[in-house]
Every structure is written in structure tokens, then in C-alpha cells.
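Engineer: Handing you a structure now.
The values are calculated or read from the model by the stated rules, or taken from the named source; none is laboratory data. Worth saying up front: this structure is predicted, and the values here are computed from it rather than measured. All Cβ positions, even for glycine, are placed from backbone atoms using ideal geometry, and neighbour counts span all protein chains on display.
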Amino acid sequence: MPGPEGRRLHVVAAVLEDAGGRVLLTRRTEGRDLAGAWEFPGGKLENGESPAAGLARELHEELGIAVDPADCSPLIAVPFAYADKRILLDVFRIARWEGAPRGLESQALAWAPPERLHRYPMPPADRPVIAALRQPGCYPITPEPGDDHAAFVERIERLLTAGWRRIQLRARRLDRDALRPLAAQVAARCREAGAELLLNGDIALARELALGVHLRADQLPGLKRRPLPEGQPVAASCHDADELARAEALGVDFAVLGPVRPTASHPGAAPLGWDGFAALRERTTLPLYALGGLRPDDIAEARRHGAQGVAGISAFWPPAR
Ligand SMILES: Nc1nc2c([nH]c(=O)n2[C@H]2C[C@H](O)[C@@H](COP(=O)(O)OP(=O)(O)OP(=O)(O)O)O2)c(=O)[nH]1
């Protein structure tokens, strides 16, 4: 593995979507790194080029299309360490272009429906990009439910009305018998709204109620395999490289990494800062939510550091009525 001092290549890549929402992938040709893998079209930035101008150049050279750099909007920038190099995979959505894409370098092209993207063998650095395209950008976490469960459920409904589609129910002070009916009620509301619900920590209850589970970091060493089948989401809370490696080896779907900033809920924890977050991001393919003193409008900054989005409690939870 290259050390942190190793040079980082700035790679720009494009998400081009057709009228039906399909995404253009190109296949890496023989004789290059990662030959045969499908990828987002693009390439290495040249000295002095702005990312959008470099991407327009690459798309013209590789696909014969004309793109105005003003039509490139940032999606996510993923710092990633391969065995022999470090890259920043800087991905942009392209709002419009002129010409029909053709493989001018003998590369195969495929228009992939978004729900099938994960079936194409792609470089490891692309996993968080696909997550940013397909998965919710925010992951609200509930505070403790307290005694008034009806008021709690009403606030969950407001989270759903606000458009959040992936929620963690975090009720560590309720015993399982008290949690079961509340979790079942919240799960029913989430299902109606087409939202995912992950239960903090309680694998057995998640299994019983067919929910997802969000694993605490201290649960990771005791698990030998992913505790729920594919299709039932599994996530993990992580704070360092070891925990991320454990979560990835278990096959979790995504992780929450923090704290990025100081936070009232974890006053003793040393904040990672965005640079610390990005350094940990380099060593894992897991889609990550950044956590710790963040708000929904921090999503653009989170994506500049390789997170697909932000998670949090207080900035998401609606006020009492
Ligand atoms: N274009 C593109 N490159 C990607 C993606 N994901 C990913 O890890 N990469 C990596 C592969 C390469 O190491 C680097 C892109 O560089 P490049 O396309 O100029 O190709 P290369 O390193 O093989 O260099 P060369 O042989 O063309 O000179 O970024 C992706 O989705 N699109």
C-alpha cells in the first residue's frame, strides 16, 4: 500500500444519463489497470486543468461528445488507495451534451439501468459512487423515544413527510418487550412510505420484525458473518480504520463514520475533521455517511470528502408540537 505521502492522481469521471435514466458505462480495454472492468467514462486530469474542463476534454476524446464545463455538477469525490496508487475519483453529473456517445478508443459501451449498476464488475472506488446515485443522501437517527410513544411516532411521520427514506430507530434505554410494539408501529409507517428502517443494536428483534439492523461498533468483533440476509439492510457505526475493516469484512451495506465535528451526544470523542474522514475513506469501499455535528445542508461538503451523505440526530429530528 502506498503511504499517505504517495502522490494522489486526480481522476475525473462522468455520469451521463439518457432520457430513461440509464447510465453510460464504458469498459476498460486490455493492457491497462483494471482491464475489463466497467467504469464511468473519464480519465486523469492534466496539469493546470479545472476538473470540469478536463472532464469535457476526456469525454470528447473517448466518446466524441461535446460537453460545456458549466453543465458538469459535482456528485461525489472519492479518495481511494489502490495497492499501487492513490486516486481522487471526482465524479460529475452531466446535464446535457451534444452528439451520440461512441467508443472512439475501441472500448465497449453499455447503458445500465440504475438498479442494475451494482451487477457490473466495476473498480472498488466506484462502489460509493453507485451508492451516491441510488441511496438516500441523509440518514436521520432518532433520539431516545421517552415515555410518549404516540408523540414519537408522530415525529417519525414528520421525518417521512420531509422525504427521508432511510431511518435508524435508536432506543437503547427500552427493554425488548417495550421496544417491540413501538418498533413494529414505526416499521409499518416506514413501509407505507417506502422507507428503510434500521433498528439500533437488537439483531434478534430486527430479525423477528423483518427490519434492518444498525450495529454498534462494539458488536462488530463478536460477529462472524452478516447477521441478516441480503435485502434486509445491515449498517455499522465506525470510528477508525479497524472498525471499518471489520464492518467491510462482515459484508455490511454501509457504515456511519464519525464524529467529524465535536458533538453533544459524544462529548469525549476526538473529532476526525474532514481530512481525517477522507483519510479513512481511502481504505474502504463501504458507502459512508458522515456523522457528528452535521446538518442536512452539509451534504455537499460531505460528498466532496467521499461520503455519500450525512447522518445525525438533533439536526434532523423535528421539534415537538
Ligand atoms: N475513468 C474512470 N477511472 C476510474 C474509475 N474508477 C476507478 O477506480 N478509476 C481509476 C482507474 C485508473 O487507475 C484511473 C483512471 O485513469 P485512466 O483512465 O487515465 O487510465 P489508466 O490509469 O489505465 O492510464 P492509461 O493507461 O490510460 O494511461 O482511475 C471510473 O469510474 N472511471
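Engineer: In this structure, does residue 48 turn out to be over 21 Å from residue 82 (Cβ atoms) and without any contact (Cβ under 8 Å) to a residue 24 or more places away in the chain? I'd like the intermediate steps shown before the answer.
Structural biologist: Working: over 21 Å from residue 82 (Cβ atoms): yes; without any contact (Cβ under 8 Å) to a residue 24 or more places away in the chain: yes.
When the stated conditions are applied, residue 48 passes them.
Engineer: Being of a type outside the set (A, V, I, L, M) and in contact with a Cys (Cβ under 6 Å, 6 or more places away or on another chain), is that true of even one residue in region 286-293? Break it down into steps so the answer makes sense when it comes.
Structural biologist: Quick first cut of region 286-293, residues of a type outside the set (A, V, I, L, M) only: 287, 289, 292-293.
Within this subset, residues satisfying the condition of being in contact with a Cys (Cβ under 6 Å, 6 or more places away or on another chain) are none.
No, region 286-293 contains no residue that is of a type outside the set (A, V, I, L, M) and in contact with a Cys (Cβ under 6 Å, 6 or more places away or on another chain).
Engineer: Could you please find all residues in region 92-146 being surrounded by 14 or more Cβ atoms within 10 Å (Cβ to Cβ), closer than 18 Å to residue 62 by Cα and away from the ligand (no atom under 15 Å from the Cβ)?
Structural biologist: Selection gives 97, 111.
Engineer: A further question on this structure: Being surrounded by fewer than 22 Cβ atoms within 10 Å (Cβ to Cβ) and within 13 Å of the ligand (Cβ to nearest atom) is the filter here, so list the residues in region 5-14 that pass it. Don't jump to the end; show me each part of the working.
Structural biologist: The initial filter retains those residues of region 5-14 that are surrounded by fewer than 22 Cβ atoms within 10 Å (Cβ to Cβ), namely 5-10.
Within region 5-14, 7, 8, 9, 10 meet the criteria.
Engineer: Also, quick follow-up: Pick from region 273-319 the residues that are β-branched (Val, Ile, Thr) and surrounded by fewer than 21 Cβ atoms within 10 Å (Cβ to Cβ): which of them is farthest from the chain's Cα centre (by Cα)?
Structural biologist: From region 273-319, those β-branched (Val, Ile, Thr) are 284-285, 299, 310, 313; that's our starting set.
The next check asks that each one be surrounded by fewer than 21 Cβ atoms within 10 Å (Cβ to Cβ); those that pass are 285, 299, 313.
Details: 285: 10, 299: 11, 313: 18 Å.
The selected residue is 313.
Engineer: Also: From the list 127, 155, 116, which residue is in a helix (DSSP H, G or I), touching a residue at least 40 places away in the same chain (Cβ under 8 Å) and under 30 Å from residue 52 (Cα atoms)? Break it down into steps so the answer makes sense when it comes.
Structural biologist: Working: 155 fails: under 30 Å from residue 52 (Cα atoms); 116 fails: touching a residue at least 40 places away in the same chain (Cβ under 8 Å).
Result: 127 is the single residue among 127, 155, 116 that is in a helix (DSSP H, G or I), touching a residue at least 40 places away in the same chain (Cβ under 8 Å) and under 30 Å from residue 52 (Cα atoms).
Engineer: Mind listing whichever residues of region 130-140 are part of a helix (DSSP H, G or I) and either at pLDDT below 95 or touching a helix residue (DSSP H, G or I) at 6+ places or on another chain (Cβ under 7 Å) (or both)? Give the steps one after another, and end with the answer.
Structural biologist: Filtering region 130-140 for residues part of a helix (DSSP H, G or I) gives 130-134.
Those that are part of a helix (DSSP H, G or I) and either at pLDDT below 95 or touching a helix residue (DSSP H, G or I) at 6+ places or on another chain (Cβ under 7 Å) (or both): 130, 132, 133, 134.
Engineer: For residue 320, are the conditions met, namely being within 26 Å of residue 83 (Cα to Cα) and either of a type in the set (Gly, Ala, Ser) or in the same structural domain as residue 12 (by TED's automatic domain parsing) (or both)? Please lay out each step first, then the result.
Structural biologist: Numbers: within 26 Å of residue 83 (Cα to Cα): no; either of a type in the set (Gly, Ala, Ser) or in the same structural domain as residue 12 (by TED's automatic domain parsing) (or both): yes.
No.
Engineer: With the requirement that a residue be assigned to a loop (DSSP other than H, G, I, E, B) and within 12 Å of the ligand (Cβ to nearest atom), what does region 37-69 give you?
Structural biologist: First, pick out the residues of region 37-69 that are assigned to a loop (DSSP other than H, G, I, E, B): 37, 40-41, 45-50, 64-65, 67-68.
Within region 37-69, 37, 40, 41, 45, 46 qualify.
Engineer: Within region 163-182, identify whether any single residue is part of a helix (DSSP H, G or I) and among the small types (Gly, Ala, Ser), and answer yes or no.
Structural biologist: Going through region 163-182, the residues part of a helix (DSSP H, G or I) turn out to be 176-182.
Filter again for among the small types (Gly, Ala, Ser), leaving 178.
Yes: one or more hits.
Engineer: Here's another thing I want to ask about it. Quick check, is residue 33 closer than 20 Å to residue 281 by Cα and in a loop (DSSP other than H, G, I, E, B)? Steps first, please.
Structural biologist: Values: closer than 20 Å to residue 281 by Cα: no; in a loop (DSSP other than H, G, I, E, B): yes.
Against the criterion (closer than 20 Å to residue 281 by Cα and in a loop (DSSP other than H, G, I, E, B)), residue 33 does not qualify.
Engineer: Could you list, in sequence order, all residues of region 83-113 that are in contact (Cβ under 8 Å) with a residue 40 or more places away in the chain and not in a strand (DSSP E or B)? Steps first, please.
Structural biologist: Taking region 83-113 first, the residues in contact (Cβ under 8 Å) with a residue 40 or more places away in the chain are 83-94, 97, 101, 103-113.
Residues satisfying the conditions are 83, 84, 85, 97, 101, 103, 104, 105, 106, 107, 108, 113.
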